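Here is the structure we will look at, set down as structure tokens.
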Amino acid sequence: MVYVLSKDNKPLMPTQNHAKVRILLKTKKAETVRRYPFTIRLLYDSTEYTQDISLGVDAGSRHIGLSATTETKVLFEADIQLRNDIVDELSTRREYRRSRRSRKTRYRKPRFDNRRRGDGWLAPSVREKVETHLTAVQKVHEILPITKITVEVASFDIQKIKNPDIQGTEYQKGEQLDFWNVREYVLFRDGHQCQCCHGKSGDKILNVHHIESRKTGGNAPNNLITLCETCHRGYHMGVVKLPKAIHRSMSFKDATFMGIMRWALNDRLKGLYPDVHLTYGYITKNTRIEHNLPKDHYIDARCISGHPDAKSTCKDGDVVYAYRKIRCHNRQIHKAKILKDGIRKRNQAEYEIKGFRLFDHVSYKGWSHYFIFGRRKTGYFDIRLFNGTGKVNNGSVSCKKIHMIQPCSGYMVDRYIVPENNT
């Protein structure tokens, strides 16, 4: 897909006519806006005909899945990796500031405390992820005329577990689908692992077993336990026994984050875009299984968009853009380790070295999937692949042998193709 903008920077429908795009660029009737994803801007007046495009957003605390689809075609899909180092960075900064105050100033009593958290305050780690979600949606709006947004905000609906009779258009899906909500919660609670053999059987199919009968204990979460199909079948045959003590303590950090972020993200999206809807993970999972689709963030986003049967326009498979949120600047002025004679070495390199910045997208020997992970003033850089592996020439490549593809703008962006036989 080549994404097209009008003369006034309004997004138009993308095109697959690469020959026409090359002619427009060659005759100076269009200009390249960005390389990944490849976007052009027309330099002449054109019609602004568009179709209805639905954007599915698989929100999460570690990854975001995006899928923009029409009824039959997939126009854009992406997997965005979020930052999870904010808490550690703030803790390190707090330690440095505390040691610097005790080292360079005398103690005095605080004169007054006029600090107050405003309405709608969010912790920095949560706020950064909310803003990344908003930026992700904005990036898709910049290249496609999105008409509808649907966001998955949680794997299960706690309110419905507490009150099965809750009303609403999203809840009127039948009794069997309601049980999928509780089932997804139990699988999440047990870490998607058999509580009897803990994965030793090698059976990847998981079932939710009723400890007491449905008539006695019902479908309450405390009456359900995760078992693999082998242990489940063995229990009903009298061969396998359930453990006496079921340990359920696990980390709910991600679920807590989604609970905090849910309404903040929803309110801010509704303030920016006209047609925004919410959905839950158990509905997405039910849709994915019904249409026999694999588990992946962008696949879930495709199901969330409402068009799970939409097909990619690439013959080789699904084209997915990989984004990684990175730190824009290093705010620690000096290195933590002090040299001899109390010399504090600066921790910040120059803004640009030989015209390159950290995490710029570059090509080396015709291969266009490298990023700059380290720089030296001598002009020798450490270039690697998107995931940080594949260090070239022991991390020492001359700047004369690399070519700029796309400067860094807060995100690393790459593209890969998922073969159709693997989906």
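The values are calculated or read from the model by the stated rules, or taken from the named source; none is laboratory data. Since the model is a prediction, treat every value here as computed from it, not as a measurement. FYI the Cβ positions are ideal-geometry reconstructions off the backbone, even for glycines, and counts take in every protein chain you see.
Output the residues belonging to the range 306-335 that are touching a Ser or Thr at 6+ places or on another chain (Cβ under 7 Å) and either free of Cβ contacts under 8 Å to residues at least 24 places away in the same chain or closer than 21 Å to Ser61 by Cβ (or both).
Pro308, Lys325, listed by residue number.
At least 1 residues that are in contact with a Leu (Cβ under 8 Å, 6 or more places away or on another chain) and at pLDDT 65 or above in each: list the helices (runs of 4 or more DSSP H) lying fully within the range 111-189 that qualify.
The helices (runs of 4 or more DSSP H) meeting that bar are 124-143, 175-189.
Return the residues of the range 353-365 that are more than 29 Å from the chain's Cα centre (by Cα) and either part of a strand (DSSP E or B) or closer than 23 Å to Arg324 by Cα (or both); say none if nothing qualifies.
Hits for the range 353-365 are Ile353, Gly355.
Return yes when Ile86 is among the β-branched types (Val, Ile, Thr) and surrounded by fewer than 19 Cβ atoms within 10 Å (Cβ to Cβ) and no when it is not.
It is true that Ile86 is among the β-branched types (Val, Ile, Thr) and surrounded by fewer than 19 Cβ atoms within 10 Å (Cβ to Cβ).
Of all residues in the range 213-257, which are over 30 Å from Gly60 (Cβ atoms), surrounded by 12 or more Cβ atoms within 10 Å (Cβ to Cβ) and modelled with pLDDT of 75 or more?
Thr230, Arg233, Gly234, Tyr235, Val240, Leu242
Take the residues in the range 113-143 that are loosely packed, with under 15 Cβ neighbours inside 10 Å and among the polar types (S, T, N, Q); name whichever of them is farthest from Ala322 (Cα to Cα).
The residue in question is Asn114.
Where residues in the range 346-367 are of a type in the set (D, E, K, R) and without any contact (Cβ under 8 Å) to a residue 24 or more places away in the chain, which of them is surrounded by the most Cβ atoms within 10 Å (Cβ to Cβ)?
So the residue we want is Glu352.
Restricting to the range 269-327, and then to whatever is of a type in the set (Asp, Glu) and not in a helix (DSSP H, G or I), can you tell me which residue is nearest to Phe38 (Cα to Cα)?
My answer is Asp318.
Name the residue, out of Gly65, Gly56, that is outside any helix (DSSP H, G or I), small (Gly, Ala, Ser) and in contact with an Asp or Glu (Cβ under 7 Å, 6 or more places away or on another chain).
The match here is Gly65.
Of all residues in the range 68-93 being assigned to a loop (DSSP other than H, G, I, E, B) and within 16 Å of the chain's Cα centre (by Cα), which is farthest from Tyr321 (Cα to Cα)?
Looking at the filtered set, the residue picked out is Asp85.
Hey, among the residues in the range 309-345 that are within 20 Å of Ser409 (Cβ to Cβ) and surrounded by 13 or more Cβ atoms within 10 Å (Cβ to Cβ), which one's modelled with the lowest pLDDT?
Arg327
Each row is one residue, and each column tells you yes or no for (1) over 28 Å from Ser368 (Cα atoms); (2) of a type in the set (Lys, Arg); (3) out of contact with any strand residue (DSSP E or B) (no Cβ under 6 Å at 6 or more places or on another chain).
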{"site": "Leu12", "(1), (2), (3)": "no, no, no"}
{"site": "Asn17", "(1), (2), (3)": "no, no, yes"}
{"site": "Ala30", "(1), (2), (3)": "no, no, no"}
{"site": "Tyr36", "(1), (2), (3)": "no, no, no"}
{"site": "Phe76", "(1), (2), (3)": "no, no, no"}
{"site": "Gln81", "(1), (2), (3)": "no, no, no"}
{"site": "Glu89", "(1), (2), (3)": "yes, no, yes"}
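Which count do you get for residues in the range 5-23 that are surrounded by 15 or more Cβ atoms within 10 Å (Cβ to Cβ), farther than 14 Å from Asp45 by Cβ and either among the hydroxyl-bearing types (Ser, Thr, Tyr) or more than 30 Å from the chain's Cα centre (by Cα) (or both)?
Within the range 5-23, residues that are surrounded by 15 or more Cβ atoms within 10 Å (Cβ to Cβ), farther than 14 Å from Asp45 by Cβ and either among the hydroxyl-bearing types (Ser, Thr, Tyr) or more than 30 Å from the chain's Cα centre (by Cα) (or both) number 1.
When you scan the range 368-391, do you find a residue that is of a type in the set (Asp, Glu), over 21 Å from the mean Cα position of the chain (by Cα) and surrounded by 14 or more Cβ atoms within 10 Å (Cβ to Cβ), even just one?
Looking through the range 368-391, at least one residue is of a type in the set (Asp, Glu), over 21 Å from the mean Cα position of the chain (by Cα) and surrounded by 14 or more Cβ atoms within 10 Å (Cβ to Cβ).
With respect to Thr39, determine if the residue is surrounded by fewer than 18 Cβ atoms within 10 Å (Cβ to Cβ), of a type in the set (Val, Ile, Thr) and touching a residue at least 40 places away in the same chain (Cβ under 8 Å).
Against the criterion (surrounded by fewer than 18 Cβ atoms within 10 Å (Cβ to Cβ), of a type in the set (Val, Ile, Thr) and touching a residue at least 40 places away in the same chain (Cβ under 8 Å)), Thr39 does not qualify.
Restricting attention to the range 392-423, which residues are outside any strand (DSSP E or B), closer than 15 Å to Arg375 by Cα and touching a Gly at 6+ places or on another chain (Cβ under 9 Å)?
The answer is Gly395, Cys399, Lys400.
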